Every structure is written in C-alpha cells, then in structure tokens.
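Any read-out appearing in this document is the output of simple, stated calculations on the displayed coordinates, not a laboratory observation. No experiment lies behind these values; they were computed from the predicted model shown. Cβ sites come from the backbone with ideal geometry, for glycine too, and all protein chains shown count toward neighbours.
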Amino acid sequence: MSKSNKLAIATLVGAAFALGATLAQAQETKVGIGISGWTGFAPITLSKEAGIYKKNGLDVTIAKIPQKDRHLALASGDIQCAATTVETWIVWNANGIATTQLFKMDQGMGSDGIVAKPGIEKVTDLKGKTVAASAPGTNPHFTLSWILKKNGMKLSDVTLVTLEPAPAANAFVAGTSGLDAAVTYEPYLSLVRNKPESGKLIADSLQYPMVFDSFGCTPKFIKENPKAVKALVDSYFESLDMIAKDKTKAFTIMGADVKQTAEQFEKSQSMIKWADRAANKKFFSGEIQAFNKEAAVLLLEIGVIKAIPANMDALFDTSFLN
C-alpha cells in the first residue's frame, strides 16, 4: 500500500473517531438539577463527579439554589429537575409549579432538628422565644411547624426569624444574634454538636420522622426525555452502589462539595438513611400517601398553600424505578 493511501486511510479513521465522539456528545441529554448543600443530596454530586451521569448519557449541571427559590428556577426553565423534601412538592404543585417526584433519596434519622440555648430543655420551652428557620414553603419552616404542632403549639407561639440553615447554625453558634433556637440540618447541625456550650438539640428527625427527600422533574422534561429520566433514576442507585463498594472515595468526593473531610462527611451521613430500590418500593406503597395526607393539612393550616391538590398520587411517578 502506498504511503498516500495509508495516509488517506488514517485520515478517514481519525475522522470516523471524531465523528463518533461528536455524535456521542450530541446524544448526551442536558439536564439542570437544583439542590442545596444538604448531606442527603450528596449522591447527586457523586453521580456527576464520578462520571456516572456522563456514562449514562447525561450532561448534568448542578446548581446550588436555596429551597425557597428552587421552584422559581424550575418555572423559568433554568433547571429541569430538583431534589427537595416530600412536602415541598405539595407546596410547589399547589402553587402552580407542576413537578413530579421520581424516587425517594433519603430520610433524616437525626440529621435535622431544632437546637436551643442552654436552659431550654424541651420544645414547649420555646413558647415566647425567638427561633430562626427558613422561609415559609421550605422544610425547616415545615419542620418547626410540625414539631410545634406535635407538642400542642403553633408558629404564633414563637417569634420567627427567617434564616437559611447554614446562616442559622452559624448565628446560633456565634451567640450574638439574639436567637434562642434555630432549625437546621447536616452538615450545619454538626456546628452545634461540636460546640455544646452554645446549646443542644432538643428535637430531631429521629424523634419526629417527617424529613423525607425525593428527586423529581417537570412533567414536560419527563414526557420529552423518558430515556434521560430513566438514566437519572438509575444513576442515583449506581451512586449508592459506589458508596457501598468504595466508601472512602465516595465520602471524599461528597464531602469536598460541602467542605468536609471524608471522615466528617461519614459522620454527617450516619444520621440519614439513603433509600435503595426496596426502600423506594415500600415508601411509594403507602408511606408517602399517609405522610402527604397529614402534611397537606398542616401546610393548609399554616397558610403555605390555599388548597390541597385534588389528586395527591399525581405528585409522583414510580414507573422509572423498575
């Protein structure tokens, strides 16, 4: 074979590889996902940083958006999917932001709670006190409402200051904000755990099991991109597999995203329970229905929603879990 023919073949082969790479990139579905720095959302970061999303044909961008603003990003199209607490999907849909849950991610097992200054020993001691929590429509606000109600109290029994979980924890530990208590979650809750002189935890998600996180997307994205949606679901479970097989690597990646070492992250995640496929099947076969019923009534009582969605089961689609 002549030198010119060899060169021509090499050129064609190179062009074919380049075309193949271009086509592969073109097939990757772009997805914007909104999350916060909450420990339970870390498998999403792991899926991206470990190349799981890319392997499954997804070009994912992760945006850290406060829970109070995440629905606005969905409505504008800046993101197509999000992770948030289960009751939040009720709020979003009741207020005109159509979204559908696809799978449960985690459950708080003491990773969320109310911290209070020394001298405040129990929830009923909060009456007349100043408490920091996120804005209405967020989980910290809902958590406070839920726990107060379980103790025969209302939001009107406390003076509420609006602060996101990280600033709330920092302000509480600093002790200069005039706060008597604050609602926060991991990894920020550890700030208080590591400084017991600032106060202590008086109620958490282990005592009051009501913090469930799930992942979902807009109905439009789901309808137009079923393969990508399936890939998003499968990627989550692949991340859980990676955590089980190589904890050190997984915790290092996930911890780095929230400025924690692998050891610190391991401690934070020990207070949550990630949901595998079996746990998802159980959750969507009665547990979410019971929780949604009680949560919707409370959301109505505290004025976060004006009406309970007519069909609560329409808030989730489990067909991609198989």
All Cα pairs of the chain, percent lying beyond 29 Å = 40 percent
Where nothing but the Cβ of Lys and Arg (+1) and of Asp and Glu (-1) is charged, how large is the charge dipole of the chain around its Cα centre, in debye to the nearest 20?
-> 480 debye
Each label point is 7 Å from the Cα along the Cα-to-Cβ direction; what then is the distance between the points at LYS293 and THR261, in nm?
-> 4.8 nm
When the helix-only estimate is applied to the chain (DSSP H runs of n ≥ 4, each -39,500 (n - 2.57), divided by the residue count), what is the mean residue ellipticity at 222 nm, nearest 500 deg cm²/dmol?
-> -13500 deg cm²/dmol
Mean separation of Cα contacts under 8 Å (at least 6 apart) over the residue count of the chain, i.e. the relative contact order in percent, is 26 percent
What is the fewest-to-most order of LEU46, LEU58 by other Cβ atoms lying within 10 Å of their Cβ?
-> LEU58, LEU46
Longest exposed-site-free window of the chain, the sites being trypsin sites (Lys or Arg not before Pro) in a DSSP loop that have at most 15 other C-beta atoms within 10 Å | 1-121
Using +1 on the beta carbon of Lys and Arg, -1 on that of Asp and Glu, and nothing else charged, what's the dipole of the stretch 112-204 about the Cα centre, debye to 20?
-> 220 debye
Spacing of the two label points (7 Å from each Cα toward its C-beta) at ASN95 and ALA310, in nm | 2.2 nm
Would you mind checking LYS48/LYS245; LYS30/LYS68; LYS54/LYS230; LYS150/LYS293 for any pair whose Cα atoms are more than 19 angstrom apart?
-> LYS30/LYS68
Mind sorting ILE243, ILE114 by how few other Cβ atoms lie within 10 Å of their own Cβ, fewest first?
-> ILE243, ILE114
Pop a pseudo-label 7 angstrom from the Cα along the beta-carbon direction at both THR61 and LYS223 and give the gap in nm to one decimal.
-> 2.4 nm
Using the charge dipole of the chain (Lys, Arg: +1 at Cβ; Asp, Glu: -1 at Cβ; taken about the Cα centre), state which of SER268, ILE222, ALA116 has its Cα farthest towards the positive end.
-> ILE222
Debye-sum result for the stretch 112-204 in log10 I(q)/I(0), which assumes one identical scatterer on each alpha carbon, at q = 0.13, 0.15, 0.17 Å⁻¹ = -0.33, -0.45, -0.58
Whole-percent pair-distance distribution, where bins are 5 Å wide, for the alpha carbons of the stretch 47-163 | 2, 9, 17, 18, 16, 14, 10, 7, 4, 3, 1
The stretch 227-322 - charge dipole about Cα centre, Lys and Arg +1 at Cβ, Asp and Glu -1, debye rounded to 20 = 80 debye
Relative contact order (%) - criterion: Cα under 8 Å, at least six apart; region: the stretch 112-204 = 46 percent
Which order do ASP180, ASP112 fall in if you start with the one that has the fewest other Cβ atoms within 10 Å?
-> ASP180, ASP112
